[in-house]
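K.L.:
Take this structure, written in structure tokens, and hold onto it; I'll ask about it next.
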Amino acid sequence: MTDTDPTDGRDLLGHVLLPVANEKDALATARALEPYRPDRVTTLHVVEKGGGVPDKTPVEQSEELADESYAAVRSVFPDADDHTAYARDVVGAIFDAAEDVDATAIAYRSRGGSRLMQFLSGDRSLKLVTNADRPVITLPHRDESE
């Protein structure tokens, strides 16, 4: 390993940062992570800021959405920590949060969407997996009826 390894030889699942978008996504993402039994989980919700234009949703509504997301993750991981970030660049906020909480890995479920939506959003998944300074774990999608 190199000196720049953020895990410093620690277990990959020692402290997982779990970015989530909303309550439904949070529950599905937590359930997808559960079989891997991470030692510690920190849930991240990024409140997207408009950057000179009105925000997508009012801050109060975004914070309520974050609280609902944290509760959903805690239904699977009762001891999960939470972390809220306010940023225009969602992927950059994920990287900053991973550093702030000293995460050993970032785990997420791709939210998919059409190619047009991926293009318009700058394909966050691609940025997340190619620009990270620590391991990124892409969790499998499960049939929600399971």
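K.L.:
Does the stretch 76-106 hold any residues that are assigned to a loop (DSSP other than H, G, I, E, B), in contact with a His (Cβ under 8 Å, 6 or more places away or on another chain) and surrounded by 18 or more Cβ atoms within 10 Å (Cβ to Cβ), and which are they?
P.N.:
Applying the first criterion (assigned to a loop (DSSP other than H, G, I, E, B)) to the stretch 76-106 yields 76-80, 88-89, 101-104.
Right, trim to in contact with a His (Cβ under 8 Å, 6 or more places away or on another chain) and you get 101-104.
The answer is 103, 104.
K.L.:
Select, from 111, 31, the only residue that is under 19 Å from residue 138 (Cβ atoms), touching a helix residue (DSSP H, G or I) at 6+ places or on another chain (Cβ under 8 Å) and either at pLDDT 95 or above or part of a loop (DSSP other than H, G, I, E, B) (or both).
P.N.:
Numbers: 31 fails: touching a helix residue (DSSP H, G or I) at 6+ places or on another chain (Cβ under 8 Å).
After applying the criteria, what remains is 111.
K.L.:
Here are the criteria: (1) touching a helix residue (DSSP H, G or I) at 6+ places or on another chain (Cβ under 9 Å); (2) of a type outside the set (A, V, I, L, M); (3) modelled with pLDDT under 95. Tell me which single one residue 83 does not satisfy.
P.N.:
(3)
K.L.:
Also, quick follow-up: Looking for something among the basic types (Lys, Arg), at pLDDT 95 or above and out of contact with any helix residue (DSSP H, G or I) (no Cβ under 6 Å at 6 or more places or on another chain) - is there at least one such residue anywhere in the stretch 39-52? Let's see the steps before the verdict.
P.N.:
Going residue by residue through the stretch 39-52, those that are among the basic types (Lys, Arg) are 40, 49.
Subset that is at pLDDT 95 or above: 40.
Right, trim to out of contact with any helix residue (DSSP H, G or I) (no Cβ under 6 Å at 6 or more places or on another chain) and you get 40.
Within the stretch 39-52, one or more residues are among the basic types (Lys, Arg), at pLDDT 95 or above and out of contact with any helix residue (DSSP H, G or I) (no Cβ under 6 Å at 6 or more places or on another chain).
K.L.:
Would it be correct to say that residue 57 is part of a loop (DSSP other than H, G, I, E, B), among the polar types (S, T, N, Q) and surrounded by 13 or more Cβ atoms within 10 Å (Cβ to Cβ)? It would help to see each step written out before you state the result.
P.N.:
On the way: part of a loop (DSSP other than H, G, I, E, B): yes; among the polar types (S, T, N, Q): yes; surrounded by 13 or more Cβ atoms within 10 Å (Cβ to Cβ): yes.
Taking the combined requirement at face value, the residue satisfies it.
K.L.:
Between a residue in the stretch 126-139 that is touching a residue at least 60 places away in the same chain (Cβ under 8 Å) and part of a strand (DSSP E or B) and any residue that is surrounded by 17 or more Cβ atoms within 10 Å (Cβ to Cβ) and of a type in the set (Phe, Trp, Tyr), which pairs come within a Cβ distance under 8 Å, given they are 6 or more apart or on different chains?
P.N.:
As it stands, the answer is 137/108, since those pairs meet every condition given.
K.L.:
Quickly run through the stretch 29-48 and pick out the residues that are within 14 Å of residue 75 (Cα to Cα) and crowded, with 19+ Cβ neighbours inside 10 Å.
P.N.:
Residues satisfying the conditions are 29, 30, 32, 33, 41, 42, 43.
K.L.:
If a residue has to be closer than 16 Å to residue 80 by Cβ, touching a residue at least 60 places away in the same chain (Cβ under 8 Å) and among the acidic types (Asp, Glu) to count, how many in the stretch 94-112 make the cut?
P.N.:
1
K.L.:
Out of (1) free of Cβ contacts under 8 Å to residues at least 12 places away in the same chain; (2) closer than 18 Å to residue 40 by Cβ, the odd one out for residue 72 is which?
P.N.:
(1)
The values are calculated or read from the model by the stated rules, or taken from the named source; none is laboratory data. Being a predicted model, the structure only gives us computed values, none of them experimental. Note: ideal-geometry Cβ built from the backbone for every residue, glycine included; neighbour counts use all protein chains shown.
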